[in-house]
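**Q** Below you'll find the structure I mean.
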Amino acid sequence: MSSGQRCPVCAEPWVSPRLLPCLHSLCVPCLRRLGTLGETGRAAARSVLCPVCDSEVTLPPGGIGQLTPDYLALNRSREAAGCDLCADGAAARRCLTCGADLCLFCCQAHRRQKKTASHAVMELENTKDCNQAAQPLFCPSHPTEELRLFCEQCDQPVCRDCVVDRHRQHPYDFIGNVIHRHGDALRELLKSTQQHMGTLEDVLGQINDMGGAICSRTEAVATEICLFASGYVKAIEEHRDRLLKQLEDLKVQKENLLHLQKAQLQQLLLDMRTGVEFTEHLLTSGSDLEILITKGVVASRLAKLNSVAYNTHPSVDDRIQFSPRERAGQCCGYEVFGAILNKVVDPARCTLHGEDLHSARQNQLTGFTLLCNDTMGERMGRGGEAVQVTITHKDKRDRAVKPTVCDNGDGTYHISYSPEEPGLYAVCVCVKGQHVQGSPFTLMVKNKFREHRGVFHCCTFCSSGGQKAARCACGGTMPGGYQGCGHGHKGHPGCPHWSCCGQVKESSECLGGPPSDTSQRSLLRTVAL
């Protein structure tokens, strides 16, 4: 976007300024020189590098001549011109009748002369609307015709001769009738770009804060490392230096990623700010015709900037940890400990999983799974942690169960065991000497699974072949004093059930006690039948 009354390349007054797709303006001679440089080594210059923002911009098929004229730059140049009468003083007012820019001295003389005493004179800051009327824009194809119409199909201002010539049968309307619709569309793009700018500024603030947090965290970890290594001799001191080097490399790596993200976002923010400033200036200072002439390239630029994807959070975090118990191999013949970790296990965030976590069967192999997470609650993804599991009978301390811990190598550990004694057990699961989430907990070990000794039937009368002495554990009776149960009679559960204990679920554990000799014989007879 042009910011003054001179070309930013040659620093000379504007000569036919043209607007590039990046919304920076250059005068035509400078653009031609750029195009000539671009032709070196290729047939024709299809694009040039903007000398203001260093962006590569594609030229129209017709070349520099088809770039959008920057009428705003020309207006600023006219407004900054000197007095048209004395050519010495700075223009402060404009005569709306004769169109001359006047300094304060010449303005007083202008009003004293009879021929010009009735002319309307206005401050230059207040001549925007009058300037628009006094500076009509003419059609490039028909220089004597003023641009008053807008071709909807070609999306450009046209004159009366254009409508009957190249734009014949194209839908068109007067500029005053379409400016509101196109201006509103441009304002919506401007609003969206401004929202992105606010988001980018917030992200850049977060990046700056994260950079400070990383530096602070790095200093804290460096201090911790030095305290850990201070009690060792030469081998440990050498190990300390190695750890500090790794820490510095990690810091540089994170900072480089932050710097890269910051540079990309700053460039995007700069481009958006340029587009917003230009668009705001266009909408507030440009005439209706100037807005319509420029809005195509402006809308294209804002839409392109709005479509750029970017991360709304810093690309790295400050999770840098030092683990003094981590094995670090050999250093000068001594086994050393201590390593820099990006992820450190947190026992308080480790969890236990399994359907039979709180119950088990006597002499039956069962188990559960330990899932290790780091300080952020994320899965560790690697094994090697010190996991201790104890399973102790609450009433019989000498009846402890020896569990088996299997490291799956992915941050999970499977704990399996087979209790020999029923009863209540206390289970403790620790990682690095600390209880995990949900530890300790109570485990109930039940007796062996008891199989049913009877039959799963509807009634004893049917299953025994009509014997009146057959009995059933459900306690039901039949009319006439029969011992066994019958359909729908007193005590009958109303559905098929086990004759040994009355359980109505076929796949269930038997709940019946030791039967008497009489009932045993009856049940056996029922089973046989």
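**Q** Restricting to the stretch 473-488, count the residues that are within 22 Å of K505 (Cβ to Cβ) and out of contact with any Phe, Trp or Tyr (no Cβ under 9 Å at 6 or more places or on another chain).
**A** Final tally of qualifying residues: 3.
**Q** Within the stretch 286-319, how many residues turn out to be more than 24 Å from L265 (Cβ to Cβ) and of a type outside the set (D, E, K, R)?
**A** Count: 9.
**Q** Where the second residue is at pLDDT below 75 and outside any loop (DSSP other than H, G, I, E, B) and the first is under 24 Å from L302 (Cα atoms) and of a type in the set (G, A, S) and lies in the stretch 1-21, which pairs have Cβ atoms under 6 Å and are six or more apart or on separate chains?
**A** Once the first residue is under 24 Å from L302 (Cα atoms) and of a type in the set (G, A, S) and sits in the stretch 1-21, its partners that are at pLDDT below 75 and outside any loop (DSSP other than H, G, I, E, B) give S2/A73.
**Q** What are the residue pairs meeting all of these: first residue in the stretch 225-239, first residue modelled with pLDDT under 80, second residue open to solvent by 80 Å² or more (accessible area, probe 1.4 Å) and not in a helix (DSSP H, G or I), Cβ atoms under 9 Å, and 6 or more apart or on different chains?
**A** Note: pairs meeting the criteria are Y232/Y334; V233/Y334.
**Q** Would you check which residues across the stretch 228-276 are in a helix (DSSP H, G or I), aliphatic (A, V, I, L, M) and over 30 Å from P21 (Cβ atoms) and list them?
**A** Residues satisfying the conditions are A229, A235, I236, L243, L244, L247, L250, V252, L257, L258.
**Q** Residues that are over 21 Å from A213 (Cβ atoms), at pLDDT 90 or above, assigned by the TED database to the domain that holds D202 and basic (K, R): does the stretch 262-272 have at least one?
**A** no
**Q** What number of residues within the stretch 339-368 satisfy the criterion of being outside any strand (DSSP E or B) and open to solvent by 30 Å² or more (accessible area, probe 1.4 Å)?
**A** Count: 13.
**Q** Turning to a different aspect of this structure: Can V336 be described as assigned to a loop (DSSP other than H, G, I, E, B) and open to solvent by less than 40 Å² (accessible area, probe 1.4 Å)?
**A** Criteria not met by V336.
**Q** Restrict the check to the stretch 202-223 and report whether at least one residue is within 30 Å of T294 (Cβ to Cβ), β-branched (V, I, T) and surrounded by fewer than 12 Cβ atoms within 10 Å (Cβ to Cβ).
**A** No, the stretch 202-223 contains no residue that is within 30 Å of T294 (Cβ to Cβ), β-branched (V, I, T) and surrounded by fewer than 12 Cβ atoms within 10 Å (Cβ to Cβ).
**Q** If a residue has to be part of a strand (DSSP E or B), in contact (Cβ under 8 Å) with a residue 60 or more places away in the chain and surrounded by fewer than 19 Cβ atoms within 10 Å (Cβ to Cβ) to count, how many in the stretch 421-435 make the cut?
**A** 3
**Q** Can you name the residue in the stretch 1-34 that is among the hydroxyl-bearing types (S, T, Y) and touching a strand residue (DSSP E or B) at 6+ places or on another chain (Cβ under 6 Å) and is also modelled with the highest pLDDT among such residues?
**A** S25
**Q** Any residue that is crowded, with 18+ Cβ neighbours inside 10 Å, within 30 Å of F322 (Cβ to Cβ) and in contact with a Pro (Cβ under 9 Å, 6 or more places away or on another chain) - is there at least one of those in the stretch 249-261?
**A** The answer is yes, given that some residue of the stretch 249-261 is crowded, with 18+ Cβ neighbours inside 10 Å, within 30 Å of F322 (Cβ to Cβ) and in contact with a Pro (Cβ under 9 Å, 6 or more places away or on another chain).
**Q** Every residue in the stretch 374-402 that is surrounded by 13 or more Cβ atoms within 10 Å (Cβ to Cβ) and of a type in the set (A, V, I, L, M), please.
**A** Those that are surrounded by 13 or more Cβ atoms within 10 Å (Cβ to Cβ) and of a type in the set (A, V, I, L, M): M380, V387, V389, I391, A400, V401.
**Q** Let me ask another. Might you let me know whether the stretch 287-307 holds any residue that is in a loop (DSSP other than H, G, I, E, B) and open to solvent by 60 Å² or more (accessible area, probe 1.4 Å)?
**A** Yes, some residue in the stretch 287-307 is in a loop (DSSP other than H, G, I, E, B) and open to solvent by 60 Å² or more (accessible area, probe 1.4 Å).
**Q** Given K468, K490, K448, which one is at pLDDT below 80, open to solvent by 60 Å² or more (accessible area, probe 1.4 Å), within 30 Å of D395 (Cα to Cα) and not hydroxyl-bearing (S, T, Y)?
**A** Matching residue, one of K468, K490, K448: K448.
**Q** Oh, and also: Between G438, G465, G480, G476, which is in a loop (DSSP other than H, G, I, E, B), without any contact (Cβ under 8 Å) to a residue 24 or more places away in the chain and on the phi > 0 side of the Ramachandran plot?
**A** It is G480.
The values are calculated or read from the model by the stated rules, or taken from the named source; none is laboratory data. Given the structure is predicted, the values throughout are model-derived calculations rather than measurements. Backbone-built Cβ (ideal geometry, glycine too); neighbour counts: all protein chains shown. Quick note on the areas: whole protein, heavy atoms, side chains included, nothing else; ligands and nucleic acids left out. Shrake-Rupley method; radii C 1.70, N 1.55, O 1.52, S 1.80 Å.
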